[in-house]
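Single-structure report; data block below.
A short reminder: the numbers here are calculations on the coordinates, not readings from a lab. These numbers come from a predicted model, not from an experiment. Here the Cβ positions follow ideal geometry from the backbone for every residue, glycine too, while neighbour counts run over all protein chains shown.
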Amino acid sequence: MKNTHYQKYGLKLNLLILSLVFSSILAAQTVFSEYSGIVIDGNTKKPLEAVSLIILNENLSTVTNSEGEFVLKIPNQILNPRLVASYLGYKNFMISLSELQDNKIKIELYKAVTELSEVNISAFKNAKALVERVFENKAERLQNESVIMTAFYRETIKRRKRNVSLTEAVVDIYKEPYTSRDEDIIALSKARKSTDYKRLDTVSVKLQGGPYSTIYLDLMKYPEYIFTEETIPFYDFEFKDPTNIDNRNVYVVYFKTKDSGLNINYNGNLYIDSKTLALVSADYYLDLSNRARTKNLLVKRKPRDVVVYPLEANYKVDYKISGNKWHFNYANLNLTFKINKKRQLFNKVYTLSSEMAITDWEINTTDKKVKAKDRLKPSVIIADAISGFSDPDFWGAYNLIEPDKSIETAIEKIQKSIEREKARAEN
């Protein structure tokens, strides 16, 4: 079997690429209450990253950062809001925010035990049959109407452990039905970005695609990047122990590329709701063990005398259920590269991370369209816009992913740099 279909689309993952060169819904809401807190494992007391936090019966949501911290802004017209925290493998936690004495919350989640008898895998001949059913039934299980989503996007580039570029943005996503071949459209609402070109030395590392780099991780909307009728036979699928999320039993299917057949090999786990047979979550990685084969992989443009070796490429996508339909909720990617320059003592390691969290959404009942001039292109590289870092109220009522300590430090350095530039200008 020829894998021309995969070759055509698989390499479109250069949406998650480097460009190497030398050198909305809530916006109108202004009256809100802000709640902040931390989510930890109730037994180990360790913080939990990417925990989903939603307001019950509303479309408002966010996720925790790498240190388990979160901030959630809730319009005051939502009366008696109840916060629900859910995380893969853990029991749900719910609290009425109106009962809190202050706006600080500490949430402890405890692991859920799922008995094998509770999840019937005998209904399927094998794990592959289950995965095929997931993609066949997406019209019934997923939000199959046009929706407008508000999302927070953050992108960081690090050299070793130092932040050299930080991008944050609120975007409006015009998401097409899952059965439609039309691609999603992104419009930029507001953004801020700062790049320390001195720390980048002689190489400028950029992530092409911006917010699209996370939108295209929606496997149910864009299965052509990994799973199609033609590419599924190139994977082995295996049932793992079931788990629980959002108080729902979940199948766990491990997938791995077979020894031959595909140019790009992915391995990982699919988490499938046992009741609706919808994809709940996926985490997977690119097999980079063959260094000669993966050299310069995912690179769109570079100088001739530069060689790029990808060291890690990890991806994650989550979905949430609203009513009886599932929708895209969160995605992240982490790429690590080693960059060598020929005939020079030049060996730098860079890590690119981007994540997107849906913070609000509504059905596009009026068939609202985005003007061509307002659309972000899938090839976009967001331009530097440093002024937003000097405004403490830059995000207003928008919800965002709380920055972890390293990002907070980077923001503080940017703010100090702005103050120094202002002082120089005044003198």
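Put a dot 7 Å past the Cα of Asn263, heading toward its Cβ, do the same for Ile381, and the two dots end up 2.3 nm apart.
Note on Lys338 and Glu34: their simple-model spin labels are 4.3 nm apart, each label 7 Å out from Cα toward Cβ. For the range 252-342, the number of Lys pairs separated by eight or more positions or lying on different chains, with C-alpha atoms closer than 26 Å, is 23. Label-to-label distance, Ile418 versus Ser289, with points set 7 angstrom from Cα along the beta-carbon direction: 4.8 nm. In a DSSP loop and with at most 13 other Cβ atoms within 10 Å, the trypsin sites (Lys or Arg not before Pro) in the range 221-263 are Lys258. Once a ≥ b ≥ c are taken as the square roots of the eigenvalues of the Cα gyration tensor of the range 351-407, is the result rounded (a/c under 1.5), prolate (a/b larger than b/c) or oblate (a/b not larger than b/c)? Prolate, since a/c reaches 1.5 and a/b exceeds b/c.
Available extension along the chain between Ile363 and Ile78 is 100.7 nm, counting 0.36 nm per residue and deducting the alpha carbon span.
Under 5 Å between amide hydrogens, built in the peptide plane, is the criterion, and for Glu145 it picks out Tyr178 among residues at least 5 positions away or on other chains.
Just tell me which lysines come within less than 27 Å, Cα to Cα, of Lys422; anything on the same chain fewer than 8 places away is out. Straight-distance partners of Lys422: Lys158, Lys190, Lys193, Lys198, Lys405, Lys413.
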